[in-house]
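Okay, structure first, notes after.
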Amino acid sequence: MGKRYGYIRVSSKDQNEDRQIQAMAEQEISKEDLFIDKQSGKDFNRPKYKRLLRILKKEDVVYILSIDRLGRNYDEILEQWRIITKVKKADIVVLDMPLLDTRMGKDLLGTFISDLVLQLLSFVAENERDNIRKRQREGIEAAKKRGVRFGRPSQPLPDNFIEVCEMVDCREISVSEGARRCRMPLSSFRYRLWKYRQEN
């Protein structure tokens, strides 16, 4: 019998991994054998996952709560599954999908069914990632139409801004001199000068 490890992933630092930790505790996997990454599932460039892969040996078992915790990129999920099961000769158990337990059904039919389910769930995981990004884009566009502004709020312009802009436009002073007189960073002054010209 090999060692049993748990792999946990949440998409960001402020997301909670408690549900996944609880699921691993129910499998009696010790905290020392948990590998937790807090980053996107778009690829497998994750420090704890890489560390787990390095120490994985033949007949070890990796537990994950669901296939999307492994990743959300269809091709890469299939490739990492191949590395773990064929190259490392370890097993994977997906807790919320009993058909994805490579310890079971190692005959041809069992492997075929497992591969079919894996491909379907990997596709669903990537599709959901695409849908999340689409919903984010739609939400941002809708917010912009409602007048919601993103980014840092603009700083109030200095009292002499219009006067200085007119001096720059009349070529009395340079743009950099205008920025100095307004006590603004050069890039900010250029941008606000451009906006002033557009509006007037």
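The values are calculated or read from the model by the stated rules, or taken from the named source; none is laboratory data. Given the structure is predicted, the values throughout are model-derived calculations rather than measurements. In this analysis, Cβ positions are derived from the backbone assuming ideal geometry, glycine residues included, and neighbour counts consider all displayed protein chains.
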- Query: Quick one: how many residues across segment 138-174 are surrounded by 11 or more Cβ atoms within 10 Å (Cβ to Cβ), under 24 Å from Asn200 (Cα atoms) and either under 41 Å from the mean Cα position of the chain (by Cα) or modelled with pLDDT under 75 (or both)?
  - Reply: 4
- Query: What are the pairs, 6+ residues apart or on separate chains, where a residue within segment 57-86 that is within 17 Å of Asp130 (Cβ to Cβ) has its Cβ under 6 Å from a residue that is part of a helix (DSSP H, G or I) and charged (D, E, K, R)?
  - Reply: Arg72/Glu126; Arg72/Arg129; Asn73/Glu126; Tyr74/Glu126
- Item | Conditions (1) farther than 16 Å from Lys3 by Cα; (2) surrounded by fewer than 19 Cβ atoms within 10 Å (Cβ to Cβ); (3) out of contact with any Phe, Trp or Tyr (no Cβ under 7 Å at 6 or more places or on another chain): number failed by Asp68 | (2)
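Kindly provide the set of residues from segment 81-104 that are in a helix (DSSP H, G or I) and surrounded by fewer than 18 Cβ atoms within 10 Å (Cβ to Cβ), ordered by number.
The initial filter retains those residues of segment 81-104 that are in a helix (DSSP H, G or I), namely 81-87.
Correct list: Arg82, Ile83, Thr85, Lys86, Val87.
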- Residue hits (segment 17-39; within 22 Å of the chain's Cα centre (by Cα), touching a residue at least 24 places away in the same chain (Cβ under 8 Å) and surrounded by 12 or more Cβ atoms within 10 Å (Cβ to Cβ)) are Gln20, Leu34, Phe35, Ile36, Asp37, Lys38, Gln39
- Item | Verdict on Asp96 being under 24 Å from Leu56 (Cα atoms) and at pLDDT 85 or above | yes
- Message: Quick check on my filter: what residues within segment 13-43 are over 23 Å from Tyr74 (Cα atoms) and assigned to a helix (DSSP H, G or I)?
- Response: Asp18, Arg19, Ile21, Gln22, Ala23, Met24, Ala25, Glu26, Lys31, Glu32, Asp33
- Task: Give the number of residues within segment 44-70 that are basic (Lys, Arg), in a loop (DSSP other than H, G, I, E, B) and farther than 22 Å from Glu28 by Cα.
- Result: 1
